[in-house]
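Enquirer: Dumping the structure here so I can ask a few things about it.
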Amino acid sequence: QVQLVESGGGLVQPGGSLRLSCAASGIAFSIYTAGWYRQAPGKQRDLVAAITSGGMTNSAESVKGRFTISRDNAKKTVYLQMNSLRPEDTAVYYCNVRTPARTYWGQGTQVTVSS
């Protein structure tokens, strides 16, 4: 059974930092692309950043220069380092792993940026 478990969300002031983690189990994590998405209330779920099995990354324009995605295949974990956080970054953040058969999602972790 595949499981993705996110952690690291919380409340942070504008300009602050958070590091999200997503631990995978039951899947050959190292050979698949992993990513982070976010969904604010009343909005669609959008890509934040993704990283391929080879370590190539892409990210949304709104987070470039502030957020960094990385992975540790030995730990089957994907990370999202978020710096210079803004109120508009407030959302539920979800990790996913894409396989040829389907995409797996975590349960989400809330990030709130507010003073």
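Enquirer: From the list L47, L11, L4, which residue is part of a strand (DSSP E or B) and surrounded by fewer than 14 Cβ atoms within 10 Å (Cβ to Cβ)?
Expert: L11
Enquirer: Also, I was wondering about something else. Go through the residues of segment 17-31 one by one and say whether even a single one is touching a strand residue (DSSP E or B) at 6+ places or on another chain (Cβ under 9 Å), free of Cβ contacts under 8 Å to residues at least 12 places away in the same chain, surrounded by fewer than 14 Cβ atoms within 10 Å (Cβ to Cβ) and not aliphatic (A, V, I, L, M).
Expert: no
Enquirer: Would you tally the residues in segment 32-44 being exposed (fewer than 14 other Cβ atoms within 10 Å of the Cβ) and in a strand (DSSP E or B)?
Expert: Adding up the residues that qualify gives 0.
Enquirer: A further question on this structure: Considering only residues that are over 10 Å from V113 (Cβ atoms) and touching a strand residue (DSSP E or B) at 6+ places or on another chain (Cβ under 9 Å), which ones fall in segment 71-83?
Expert: R71, D72, K75, K76, T77, V78, Y79, L80, Q81, N83
Enquirer: Still on this structure, please answer the following. Count, please, the residues in segment 53-84 that happen to be free of Cβ contacts under 8 Å to residues at least 24 places away in the same chain, in a loop (DSSP other than H, G, I, E, B), of a type outside the set (A, V, I, L, M) and loosely packed, with under 15 Cβ neighbours inside 10 Å.
Expert: The total comes to 5.
Enquirer: Being touching a residue at least 24 places away in the same chain (Cβ under 8 Å) and not in a strand (DSSP E or B) is the filter here; which residues of segment 89-115 pass it?
Expert: Within segment 89-115, D89, T90, T99, G106, Q107, G108, S114, S115 meet the criteria.
Enquirer: Still on this structure: So if I check each of L20, L47, which one is under 14 Å from the mean Cα position of the chain (by Cα) and closer than 13 Å to R98 by Cβ?
Expert: Result: L47 is the single residue among L20, L47 that is under 14 Å from the mean Cα position of the chain (by Cα) and closer than 13 Å to R98 by Cβ.
Coordinate-derived values only; no laboratory data. Please read these numbers as outputs of a predicted model, since none were measured by experiment. Neighbour counts run over all protein chains shown; Cβ positions are idealised from the backbone, glycine included.
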